[in-house]
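Here the structure is laid out as structure tokens; the discussion comes afterwards.
The values are calculated or read from the model by the stated rules, or taken from the named source; none is laboratory data. As the structure is a prediction and not an experimental result, all values here were calculated from the model. So basically every Cβ, Gly included, is an ideal-geometry build from the backbone, and we count neighbours across all protein chains shown. What goes into the accessible areas is simple: the full protein's heavy atoms, side chains included, and nothing from ligands, DNA or RNA. Shrake-Rupley method; radii C 1.70, N 1.55, O 1.52, S 1.80 Å.
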Amino acid sequence: MAILVIADHDNNELNDATLKVVAAAQKMGGDIDVLVAGEGASGVAEAASKINGVRKVLHADDANYAKRLAEPMGELITGMADGYSHIVASSGTDGKNFMPRVAAKLDVMQISVITGVESEDTFVRPIYAGNAMATVQSSDATKVITVQPTAFDAVATDGSASVETVGNGAFPGISEFVAEELTKSDRPELAGAKIVISGGRALGSNEAFEQYIYPVADKLNAAIGASRAAVDAGYMPNDYQVGQTGKVVAPELYIAVGISGAIQHLAGMKDSKVIVAINKDEEAPIFQVADYGLVGDLFDLMPELEKAL
Amino acid sequence: MKVLVPVKRVVDYNVKVRVKSDNTDVDLANVKMSMNPFDEIAVEEAVRLKEAGTAEEIVVVSIGPEKAQDQIRQALAMGADRGILVTSDDDVESLGVAKVLQKIVEEESPELVIMGKQAIDDDRNQTGQMLAALLGWPQGTFASEVKKDGDKLHVTREIDGGLQTVALNLPAVVTTDLRLNEPRYASLPNIMKAKKKPLDKKTAADFGVDIAPRLKKLKVTEPPKREAGIKVESVAELVAKLKNEAGVL
Ligand SMILES: Cc1cc2nc3c(=O)[nH]c(=O)nc-3n(C[C@H](O)[C@H](O)[C@H](O)COP(=O)(O)OP(=O)(O)OC[C@H]3O[C@@H](n4cnc5c(N)ncnc54)[C@H](O)[C@@H]3O)c2cc1C
Ligand SMILES: Nc1ncnc2c1ncn2[C@@H]1O[C@H](COP(=O)(O)O)[C@@H](O)[C@H]1O
């Protein structure tokens, strides 16, 4: 039995999520190979070779993998599936995009966004926005799995696996990359940050985020998140959304500011270690999951908080 | 072009579902059911394509219980032209749904399938990608903008780092994200008109595809429960607690 882990990266850096996916793969049992598909990503392959517990790194280098579009990735991974009992990737937007393609081509049912591994064929995953946890057993020959990285602890990186170049799959040539608009930020990345501070509809504008959330985030070296309402209203970009249909985070400290605590939002942050809520409505549902609640007006409290830190 | 929109009947997004006491599943007795919110967005997008003259016909399809008719009627009231209900008493998994949809696509020959990125019951986010793979079509997932440009479809996608635009050959599959549009409410006259729009009924067995489940639900349990903590009176108290009690600062 062997497991193929698909590395999450941007051609320059290996995303930490991959270390957590390898941790999940270790619980499934079997030798672990890591596929790095990209363009000019040998630095990433090198980084992947240091992940503990990895047998070998398979490196596919081609312009067609530069943006890891689903169509060529689907062909590549499906072509490599022979000999692997499990094919595993992070549940980031890349993995969510190409893994179901692999599953369909192999005629298997993907097991999406697992948070636990019970055995080689049995996994735990949240359903209904995390209001229930399902334990599911797969009868498929190959298990195609996406992993919620926050649910696993990263493995160490003092290994030394070999790196092998692998050939390319077919290029369907039916899709092409046009452009991207990536959010630039010097702050820690939302998905892996130790502290996250999120703002909701109550902020009322992007300027208010800048004035009331950013200074506290700077003091705490925190990543910034937002509720859907704040993203929908255009206060923050889409990739800041925390929740059932945005990003799932599990930092040491999550501070929710002017967020009511709808179930869809809770689904993205309720596994945080410590939750703080600041809201002027003492009945707000967010207080039901908060370890520390502070009732009051954020526009008064946030400047105070900044000073107190 | 012809557009196919698959819609799923799911628990309404306002319902906080509970786990059954015997831990076999969640309890859906007497809870409000609705069209999956992402599918409403898909229907809306199709209707806008039609209003813009890009789409000629919109066919809605749902695989589920007899009652999924309600969701098809809602889509018809929003502006879709006709519906196909594929009944199945058992829960059909994403792979099975994708296989049935593949058959329907082969019969209907749409140039575009627009569907939700994720059904909010099982939160799987995979059916559209699976359908695209089975058909050998390109996919534009998590779309926040869809534009036809000559013979290509430009789809702007919400990705982890921001936004990405891809150009797809047609036919293609698009899955919707929340910010693609804001679905309209159907007006009363349109709800009445929708009752007369054609709705074909089939059964999953009619398609002769293997829809046997591959995943066995061994149990369904409550998530670890978080206890509500305490209210602090001031910023000073909050900072002190975070430092001394929680140890996170
Ligand atoms: C299919 C679907 C998917 C969804 N996915 C997500 C998701 O992934 N993430 C997500 O977040 N939401 C999601 N939602 C939306 C969710 O249901 C809520 O609408 C949303 O989370 C509300 O955002 P909010 O808390 O910022 O706004 P509101 O609910 O409007 O809450 C604002 C809060 O701010 C407080 N407030 C107002 N003024 C002040 C002040 N001056 N000082 C302090 N507090 C103040 C109010 O008391 C209130 O509690 C989804 C919805 C659907 C239908
Ligand atoms: N039973 C179904 N009938 C029609 N469409 C479905 C069905 N199941 C899933 N879909 C479509 O596939 C999308 C993604 O679902 P899922 O992959 O289950 O999260 C949904 O938003 C629907 O558009």
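Checking each residue in the range A:278-296 for being facing chain B (nearest Cβ under 7 Å) and in contact with a strand residue (DSSP E or B) (Cβ under 8 Å, 6 or more places away or on another chain) picks out A:Phe287, A:Val289, A:Ala290, A:Asp291, A:Tyr292, A:Gly293, A:Leu294, A:Val295.
Quick check on my filter: what residues within the range B:176-200 are in contact with an Asp or Glu (Cβ under 9 Å, 6 or more places away or on another chain), farther than 30 Å from A:Thr245 by Cα and of a type outside the set (D, E, K, R)?
B:Pro198
Taken over the range A:29-43, the criterion of being of a type outside the set (D, E, K, R) and open to solvent by 10 Å² or more (accessible area, probe 1.4 Å) is satisfied by A:Gly29, A:Gly30, A:Gly40, A:Ser42, A:Gly43.
Among the residues examined, B:Arg214 does not qualify as at the interface with chain A (Cβ under 8 Å from one of its Cβ atoms) and in contact with a Lys or Arg (Cβ under 7 Å, 6 or more places away or on another chain). The set of residues in the range A:70-101 that are surrounded by 24 or more Cβ atoms within 10 Å (Cβ to Cβ), within 8 Å of chain B (Cβ to nearest Cβ) and touching a strand residue (DSSP E or B) at 6+ places or on another chain (Cβ under 6 Å) comprises A:Ala70, A:Glu71, A:Asn97, A:Met99. Restricting A:Val178, A:Val108, A:Val124, A:Val144 to those that are of a type in the set (Val, Ile, Thr), closer than 27 Å to B:Glu145 by Cα and touching a strand residue (DSSP E or B) at 6+ places or on another chain (Cβ under 6 Å) reduces the list to A:Val178.
Filtering the range A:115-127 to residues that are β-branched (Val, Ile, Thr), in contact with a Ser or Thr (Cβ under 7 Å, 6 or more places away or on another chain) and closer than 15 Å to A:Phe152 by Cβ leaves only A:Val124. Within the range B:1-16, residues that are within 14 Å of another protein chain (Cβ to nearest Cβ) and more than 8 Å from ligand 2 (Cβ to nearest atom) reach partners that are of a type in the set (D, E, K, R) and open to solvent by 40 Å² or more (accessible area, probe 1.4 Å) with beta carbons closer than 6 Å, at six or more positions or on different chains, in the pairs B:Asp12/B:Lys32; B:Val15/B:Lys32. Residues in the range B:24-48 that are open to solvent by 60 Å² or more (accessible area, probe 1.4 Å) and assigned to a loop (DSSP other than H, G, I, E, B) were compared, and the one that is farthest from B:Ala194 (Cα to Cα) is B:Thr24.
Out of the residues in the range A:132-147 that are within 30 Å of A:Gln264 (Cα to Cα) and open to solvent by 20 Å² or more (accessible area, probe 1.4 Å), state the one that is farthest from the chain's Cα centre (by Cα). Write out each step before concluding.
Of all residues in the range A:132-147, those within 30 Å of A:Gln264 (Cα to Cα) come to A:132-138, A:143-147.
From what's left, open to solvent by 20 Å² or more (accessible area, probe 1.4 Å): A:133, A:137, A:143.
Details: A:Met133: 19, A:Gln137: 23, A:Lys143: 20 Å.
My answer is A:Gln137.
Is it the case that A:Lys67 is more than 24 Å from B:Thr24 (Cβ to Cβ) and more than 8 Å from chain B (Cβ to nearest Cβ)? In short, no.
Could you say which residue among A:Glu189, A:Glu180 is modelled with pLDDT under 95 and within 12 Å of chain B (Cβ to nearest Cβ)?
Numbers: A:Glu180 fails: modelled with pLDDT under 95.
Only one candidate passes the filter, namely A:Glu189.
Checking the stated criteria, B:Lys99 turns out not to satisfy the condition of being within 16 Å of ligand 1 (Cβ to nearest atom) and open to solvent by 10 Å² or more (accessible area, probe 1.4 Å). Report, by residue number, each residue of the range A:239-265 that is within 11 Å of chain B (Cβ to nearest Cβ) and under 19 Å from A:Ala17 (Cβ atoms). Correct list: A:Asp239, A:Tyr240, A:Gln241, A:Gly243, A:Gln244, A:Thr245, A:Gly246, A:Lys247, A:Val248, A:Pro251, A:Glu252, A:Tyr254.
For the range B:17-50, the tally of residues that are more than 16 Å from ligand 1 (Cβ to nearest atom) and within 14 Å of chain A (Cβ to nearest Cβ) stands at 11. Would you mind stating whether B:Ala98 is outside any loop (DSSP other than H, G, I, E, B), of a type outside the set (S, T, N, Q) and within 14 Å of chain A (Cβ to nearest Cβ)? In short, yes.
Residue check: B:Lys219 meets all listed conditions (1) within 21 Å of the chain's Cα centre (by Cα); (2) within 30 Å of A:Asp107 (Cβ to Cβ); (3) not hydrophobic (A, V, I, L, M, F, W, C) but one, namely (1). Counting only strands (runs of 3 or more DSSP E) that sit wholly inside the range B:126-209, those with at least 1 residues that are hydrophobic (A, V, I, L, M, F, W, C), within 20 Å of B:Ser34 (Cα to Cα) and away from chain A (no Cβ under 11 Å) are B:199-203.
Looking at the range A:44-66, which of its residues are open to solvent by 50 Å² or more (accessible area, probe 1.4 Å), assigned to a helix (DSSP H, G or I) and out of contact with any helix residue (DSSP H, G or I) (no Cβ under 6 Å at 6 or more places or on another chain)? Answer for the range A:44-66, where residues must be open to solvent by 50 Å² or more (accessible area, probe 1.4 Å), assigned to a helix (DSSP H, G or I) and out of contact with any helix residue (DSSP H, G or I) (no Cβ under 6 Å at 6 or more places or on another chain): A:Glu46, A:Ala63.
In the condition set (1) within 29 Å of B:Glu145 (Cβ to Cβ); (2) within 16 Å of ligand 1 (Cβ to nearest atom); (3) assigned to a loop (DSSP other than H, G, I, E, B), B:Gly53 is compliant with all but (2). Do we have any residue at all in the range A:185-205 that's more than 9 Å from ligand 1 (Cβ to nearest atom), open to solvent by 20 Å² or more (accessible area, probe 1.4 Å), assigned to a strand (DSSP E or B) and without any contact (Cβ under 8 Å) to a residue 12 or more places away in the chain? No, the conditions are met nowhere in the range A:185-205.
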